[in-house]
Amino acid sequence: MQANGTFAASVITAITAQNTVAVTDAFELPLSLIRSQLEAVTSDFEVAATKTGMLSSIGIIETVSQAVSDMGLRPLVVDPVMISKSGFFLVEGRCGGSTHEADAPSRRLYTKRSRGGAFGGGRHPDRTGRP
């Protein structure tokens with residue numbers, strides 16, 4: 001990427017315990033640290049595009065959505081990561097639809113994962129997979 005004059009940067013919202021088989025635990029970082037990371041990354045260079053990933057709680061979704069709005073981060077790709085390949089739920093059950101609602105006015109591109117029901121069948125499981 002750098003050879004083409006582009007750079008990538010990340011803002012970490014949560015960390016996971018995982019191996020090659022499964023995610024076994026997740027821990028959300030404090031909202032203030034997430035906002036501070038966003039401010040640090042955007043102050044370092046001009047951001048040409050932004051993509052979301054694992055936004056695991058209502059508070060994180062709101063924090064990121066507000067920062068995207070405040071900082072004018074466009075275009076925005078919303079790619080919600082909600083369930084690991086091994087079946088571990090990476091989001092709180094009540095925030096499945098929030099990725100659609102919180103940033104709908106500014107969203108420019110949907111990904112396949114952001115279409116339709118977050119968990120199917122209207123179920124909102126907790127992180128263990130229990131409804």
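The test for being at pLDDT 90 or above and buried (at least 18 other Cβ atoms within 10 Å of the Cβ) does not hold for residue 78. All of (1) within 14 Å of the chain's Cα centre (by Cα); (2) surrounded by 14 or more Cβ atoms within 10 Å (Cβ to Cβ) hold for residue 10 with one exception: (2).
Residues of region 18-39 that are surrounded by 10 or more Cβ atoms within 10 Å (Cβ to Cβ) and either among the polar types (S, T, N, Q) or in contact with a Phe, Trp or Tyr (Cβ under 6 Å, 6 or more places away or on another chain) (or both): 18, 23, 24, 36, 37.
The values are calculated or read from the model by the stated rules, or taken from the named source; none is laboratory data. Since the model is a prediction, treat every value here as computed from it, not as a measurement. In this analysis, Cβ positions are derived from the backbone assuming ideal geometry, glycine residues included, and neighbour counts consider all displayed protein chains.
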